[in-house]
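The values are calculated or read from the model by the stated rules, or taken from the named source; none is laboratory data. This one's a predicted model, so the numbers in the text were calculated from it and none came from an experiment. With ideal geometry, Cβ positions are generated from the backbone for all residues, glycine too; neighbour counts draw on all protein chains shown.
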Amino acid sequence: MSPERSACLRPMTPVVLSAYTLVTANGRGVGAVMEALRARRSALKLCDFEDVELKTYIGRVDGLEDFSLDHDLKPFDCRNNRLAWLGLQQDGFTAAVAEAKQRYGAHRIAVIMGTSTSGILETEHAYRARDPHTGSLPAWYVPRYRYTHNMFSLGYFVRTCLGLCGPAMVISTACSSSAKVFATATRLMQVGLCDAAVVGGVDSLCHTTLYGFSALQLLSSEPCRPCDEDRDGLSLGEAAGYVLLERREQATGQGAVALLGYGESTDGYHMSHPHPDGTGAIRAMRDSLARAGIRPEAVEYVNLHGTATRANDEVEDKAVYSVFGTRPACSSTKGWTGHTLGASGVTEAIISALCLTHNFIPGTLNCRRVDPLLKCRILRDHQFGSLSCVVSNIFGFGGNNCSLVLGKL
């Protein structure tokens, strides 16, 4: 999309983040996540996931193996839905949704989730348990597919937990999945299909992603180092995050932070590699600014996708520099959480909201020396001071790009 096309987009009405919650390997709830950010405490540890034998670091959420979903939620029991359930229990989020149900009705609140792997781990376990003679999958697996591996199972689970019956869908566009949920929910609210929306994303570790990224030679053998001159790959993590979105005039929650604009694009350049000129990323950022009705100069911080792979960091830097120059501070927070794939959009949107609330810009953890080939103003150390407008970038496999503009009201 050309700059002229972006200029034709009309500014949208801001949508308030009335309540939000986040669980990562850094801890449960936004307080724990914020504390880890301030203390520069990474959650990345040497891989100890099941029987995986890879020399890499991961951001694994503790405690998911220590409980099971029970009673009415028993059919949903799997690692991904346990993580989803754990996320819903933090920061008074379910109570905030319950209050919204009283205002709007359960049928007027949408549920839009993002994930890349859903409950694929259950299918991996089932294939390991196949009948050695017939190759048949175990009898316990077939009825569970709908509630675990099926891509909509996450949306089904969240609706069930929250007692909602409005529009619902699950978006799976690789890393951008739970960033695009904000755009979809905003459109649903704009056309009157719902009055509020629970958006979010959940992605948990599994063998497919760990061995898949290893096969692509994208995993680092140490904690990932975004933007570092010697970076050699990413670290995978898992997370669950949720946001309650409401129209500005109806919101009664935290209400200090709003989604001001969003931009989406698809490169269609390569199955896994971004366009070398960052054209899709540039389109997404320009569209997000146009919908926010602001100029690039208004943005003070860019939360980079910052995966710590050589190609992705270079291409994102080229794209961000072409839109913003060197004015805004830039950093990646994946050194804390790892790359949480389909949950990274909501994870980093919530971190961006915390930055706005606390007037805080995190440095880039594990970056020892910024790659001199990068042109943007990459922060290694924390920065404190007034902050009013942030851009959060998520750029996924296949050139699925999303950029969000968040700001104070």
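Mind counting the residues in region 106-144 that are in contact (Cβ under 8 Å) with a residue 24 or more places away in the chain and under 29 Å from the mean Cα position of the chain (by Cα)?
We begin by selecting, within region 106-144, every residue in contact (Cβ under 8 Å) with a residue 24 or more places away in the chain; these are 106-124, 143-144.
The next check asks that each one be under 29 Å from the mean Cα position of the chain (by Cα); those that pass are 106-124, 144.
Within region 106-144, residues that are in contact (Cβ under 8 Å) with a residue 24 or more places away in the chain and under 29 Å from the mean Cα position of the chain (by Cα) number 20.
Kindly evaluate G261 against the criterion of being within 20 Å of the chain's Cα centre (by Cα), farther than 21 Å from R79 by Cα and either modelled with pLDDT under 95 or buried (at least 24 other Cβ atoms within 10 Å of the Cβ) (or both). The answer is yes for G261.
Picking from T357, T364, T326, which residue would you name as being part of a helix (DSSP H, G or I), more than 14 Å from the chain's Cα centre (by Cα) and modelled with pLDDT of 95 or more?
Details: T364 fails: part of a helix (DSSP H, G or I); T326 fails: part of a helix (DSSP H, G or I).
One residue alone meets the criteria, T357.
Of the residues making up region 157-184, just one is under 27 Å from L304 (Cα atoms) and among the basic types (K, R), namely K180.
Every residue, every condition in (1) over 29 Å from T186 (Cβ atoms); (2) in contact with a Ser or Thr (Cβ under 7 Å, 6 or more places away or on another chain), yes or no:
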residue	(1), (2)
S68	yes, no
C78	yes, yes
F93	no, yes
E99	no, no
G114	no, yes
P143	yes, no
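Checked against (1) part of a loop (DSSP other than H, G, I, E, B); (2) of a type in the set (D, E, K, R); (3) touching a Leu at 6+ places or on another chain (Cβ under 7 Å), R82 passes all but condition (1).
Scanning region 4-63 for residues that are in a strand (DSSP E or B) and under 30 Å from D287 (Cα atoms) gives V15, V16, L17, S18, A19, Y20, T21, L22, V23, T24.
Whenever a residue of region 309-330 is among the charged types (D, E, K, R), its partners that are surrounded by fewer than 21 Cβ atoms within 10 Å (Cβ to Cβ) and assigned to a helix (DSSP H, G or I), lying with C-beta atoms within less than 8 angstrom and at least six residues away or across chains, give the pairs R327/P296; R327/E297.
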